[in-house]
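Each remark here refers to the structure printed beneath this line.
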Amino acid sequence: MVKIFVWAAALFIGFILNSIWNFPNFKFYVILFSLILTITYASLSYFYPGMNTLHTEVTGLQPFEKSEYFYIEETASSIFYAVFPICIIVIFGVGGSIIYGGISFTPTFIWCLFYFTVVVYFSMLAYSQYIRFAIYLYKAAHNETQFTNMIIPDQREFPPKLSWLIHITKISQVMNFMFFMVGGLYILAFAMFCFSPVYHVKIGAVLFYALWIIIFVLIVLAFPVVYYQEVTDIKQLVAKTKHCYIREILLENQLQQSPVNDIGRLSIIMRNYCISIVLNTPNYPDSGKAAAFFSTVGVIINFAASIATVLEYQGIHLFNT
């Protein structure tokens, strides 16, 4: 409640300043960056408790030992997560101001820089956690250690419907949605900044293209790579759990092997039936078709928007020269 009050007070001050010292497209950018902040805050509010729960659920699962060490010991206090957002703020704050030909240091402009700094800091913090989770997932999926002792008496769920697999998938989907939405909004914000003539953007500057290259690499290219890698890693974890179930079913059947009679034959039938159930379960905790379609469309939109903006301004620049 306090955070909402502070946010509302900051926005109120911004609108008061803008009524005195007008900043071009002020309302557009306030709405856009407020959406980014809302999506980022909601995603992180889900992510941190979700990871705490996941740590508890995967305790004792051998393939997660290195992942847990990476996440809790190696990166928990890493300076990277403090430095990375600051670097992005400096690069785009200073870079955007340099290519902004109509810059005027009014109180409203200073307020916009402050709001920009806060929003970018939290969104880049979420971005770094998104990459951190992707590495965590990759380490677990590609750990050569196999799962053991996974069959629990009275357990009714088979892979991939195990609670921790579903939890991992939900975290992945939430963070992918966050990354797609925030990345798309940043592309829209920067495109509006470049297209609008009121900003007098220096389109011939090397820095203009450098900033677009950074956006292209961190958003347009990174999103499909991370998304499809996470889907592959989750499928790999599902496959490893299936192998463990089948291995333990066969081992239990060998230990309880009965003579070749009706009881023995029934035991073999039950064994084969259980194995067939495991083999026929899905390879992913949900169908994933909607998420795949959503992500593919997102990649196309982000790619087209960033390329179109650069080409459009390149064309305008050539025409004017």
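The values are calculated or read from the model by the stated rules, or taken from the named source; none is laboratory data. As the structure is a computational prediction, the values presented were derived from the model and not from experiment. Note: ideal-geometry Cβ built from the backbone for every residue, glycine included; neighbour counts use all protein chains shown. All accessible areas refer to the heavy atoms of the entire protein, side chains included, with ligands and DNA or RNA removed. Shrake-Rupley method; radii C 1.70, N 1.55, O 1.52, S 1.80 Å.
What the pair-distance distribution of the stretch 115-192 shows, using all Cα-Cα distances binned every 5 Å from zero, is 3, 11, 16, 19, 14, 11, 9, 7, 5, 3, 1, 0 percent. Building the convex hull from the alpha-carbon atoms of the stretch 1-159 and averaging its projection over directions returns 13.2 nm².
Please compare each pair in LYS3/LYS170; LYS161/LYS242; LYS170/LYS235 to a cut-off of 18 Å on the Cα-Cα distance and tell me which ones are over it.
LYS3/LYS170
Extension gain for ILE13 to GLU248 (0.36 nm times residue separation, less C-alpha to C-alpha distance): 78.2 nm. Using a probe radius of 1.4 Å on heavy atoms only, what accessible surface per residue do you get for the stretch 83-241? Whole Å² is fine. Averaged over the residues of the stretch 83-241, the accessible area is 43 Å². Over the stretch 1-67, the Kirkwood radius and the radius of gyration, each from Cα atoms, give a ratio Rg/Rh of 1.30. Modelled this way, with points 7 Å down the Cα-to-C-beta line, the labels at ALA239 and LYS66 are 1.7 nm from one another. Between the residues SER45, PRO63, ALA8, the greatest Cα displacement towards the positive end of the dipole of the stretch 1-85, with unit charges on the Cβ of Lys, Arg, Asp and Glu, is found for ALA8. Check the straight Cα-Cα distances from LYS66 and name the lysines below 18 Å, setting aside those fewer than 8 residues away within the same chain. In chain and number order, the partners are LYS139, LYS240.
Can you give the Rg to Rh ratio for the stretch 139-228, taking only C-alpha atoms and Rh from Kirkwood?
Radius of gyration over Kirkwood radius for the stretch 139-228 works out to 1.26.
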